[in-house]
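The values are calculated or read from the model by the stated rules, or taken from the named source; none is laboratory data. Since the structure is predicted, the reported quantities are computational estimates derived from the model, not experimental observations. Cβ atoms come from the backbone with ideal geometry, glycine included; neighbour counts cover every protein chain shown.
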Amino acid sequence: MARVAVVTGGTRGIGEAISLALQERGHTVVANYAGNDEKARAFSERTGIATYKWDVGDHEATQEYCDRIAAEVGPIDIVINNAGITRDGVLQRMSFDDWNDVMRINLGGCFNTAKATFAGMRERGWGRIVNIGSINGQAGQYGQVNYAAAKSGIHGFTKALAQEGAKYGVTVNAIAPGYIDTDMVAAVPAPVLEKIVAKIPVGRLGNAYEIARGCAFLCSENAGFVTGSTLSINGGQHMY
Ligand code: NDP
């Protein structure tokens, strides 16, 4: 059945691949983004997917835009919390703003979209929320106390909300990607990236579509008994 799906940060990188994977499966996709108008315009022209610009870390704006999407496109049955940023640095050099921005957008964004859409999903008796965590939320990473804490929080958030949705046909799952070839990873200095790739058993970075296909499964009718889980897609870099 075709649903309305909102993908935050859905205009590039992993989010773009998720938007396309859900569109291919017949859903009406809406892609959110933060500020890169040029990329969003090109994405929308290429795919025909509507884009909505707002900051998912802004609680009121998220409520307002989700209401707008529901009115303009239809009730939101699928939410992919993919928008995320990094503000890396060792603790001594990390500012409170670096900490706060990452918590506000990466973790707060999940709370904000859930607050805006979860009640409707419960009432309609069907919903899918997929939160994009990270291998670095599972294992920690030097220079990323903010990012690792936010992503780790996403995994806890997922398990708690899954319990609240389970009786109402609303599943809540997380994906923990390993290192995926996107702009975010392109920002990692080459020598650091070489060392990271050397630790990936499959011997390469992941592709955004490898995350998107896992996400599409979690959003499918077939995944109705999968909730509160974390799907690790990381080339074998972290197993547990
Ligand atoms: P990119 O940096 O390539 O894209 C990020 C997307 O998020 C963009 O669409 C961006 O919009 C959007 N975004 C950023 N901040 C906000 C905000 N405040 N409100 C709304 N949208 C926002 O990221 P990736 O594709 O690499 O990563 C996607 C997700 O996957 C993130 O949550 C990331 O933490 C996670 N992840 C990525 C990994 C990787 O290796 N790439 C590994 C593990 C997890 P705009 O274009 O306007 O800037």
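Overview of results
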item	result
Residue within the stretch 74-81 that is within 12 Å of the ligand (Cβ to nearest atom) and either in contact (Cβ under 8 Å) with a residue 24 or more places away in the chain or surrounded by 15 or more Cβ atoms within 10 Å (Cβ to Cβ) (or both) present	yes
Hits in the stretch 170-210 - residues which are in a helix (DSSP H, G or I) and among the β-branched types (Val, Ile, Thr)	Val185, Val192, Ile196, Val197
Any hit, the stretch 95-109, residues being in contact (Cβ under 8 Å) with a residue 40 or more places away in the chain, closer than 19 Å to Gly9 by Cβ, within 11 Å of the ligand (Cβ to nearest atom) and in contact with a strand residue (DSSP E or B) (Cβ under 7 Å, 6 or more places away or on another chain)	yes
Only listed residue being touching a Gly at 6+ places or on another chain (Cβ under 8 Å) and among the hydrophobic types (A, V, I, L, M, F, W, C), chosen from Val202, Val226	Val202
Within the stretch 149-161, considering residues that are away from the ligand (no atom under 11 Å from the Cβ) and of a type in the set (A, V, I, L, M, F, W, C), the one surrounded by the fewest Cβ atoms within 10 Å (Cβ to Cβ)	Ala160
Elements of type helices (runs of 4 or more DSSP H) contained in the stretch 20-131, each with 1 or more residues being within 30 Å of Lys167 (Cβ to Cβ) and at pLDDT 95 or above	59-72, 108-124
Residue list for the stretch 4-19, filter: near the ligand (Cβ under 6 Å from one of its atoms), assigned to a helix (DSSP H, G or I) and over 9 Å from the mean Cα position of the chain (by Cα)	Gly13
Which listed residue, of Gly143, Gly133, is surrounded by fewer than 22 Cβ atoms within 10 Å (Cβ to Cβ) and not acidic (Asp, Glu)	Gly143
Counted residues, the stretch 98-113 - those being among the small types (Gly, Ala, Ser) and either touching a Pro at 6+ places or on another chain (Cβ under 9 Å) or surrounded by fewer than 23 Cβ atoms within 10 Å (Cβ to Cβ) (or both)	1
Test: residue in the stretch 36-43 that is among the aliphatic types (A, V, I, L, M), within 8 Å of the ligand (Cβ to nearest atom) and closer than 21 Å to Met121 by Cα	no
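Per-residue answers, yes or no, for (1) farther than 30 Å from Thr28 by Cα; (2) in contact (Cβ under 8 Å) with a residue 12 or more places away in the chain; (3) away from the ligand (no atom under 12 Å from the Cβ):
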{"position": "Gln138", "(1), (2), (3)": "yes, yes, no"}
{"position": "Gln163", "(1), (2), (3)": "no, yes, yes"}
{"position": "Lys167", "(1), (2), (3)": "no, no, yes"}
{"position": "Thr171", "(1), (2), (3)": "no, yes, yes"}
{"position": "Met184", "(1), (2), (3)": "no, yes, no"}
{"position": "Glu194", "(1), (2), (3)": "yes, no, yes"}
{"position": "Asn207", "(1), (2), (3)": "no, yes, no"}
{"position": "Asn222", "(1), (2), (3)": "no, no, yes"}
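Per-residue answers, yes or no, for (1) touching a residue at least 40 places away in the same chain (Cβ under 8 Å); (2) among the aromatic types (Phe, Trp, Tyr); (3) crowded, with 16+ Cβ neighbours inside 10 Å:
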site	(1), (2), (3)
Ala5	yes, no, yes
Thr11	yes, no, yes
Arg25	yes, no, no
Ala42	no, no, no
Gly48	no, no, no
Thr51	yes, no, yes
Trp54	no, yes, yes
Glu60	no, no, no
Glu72	no, no, no
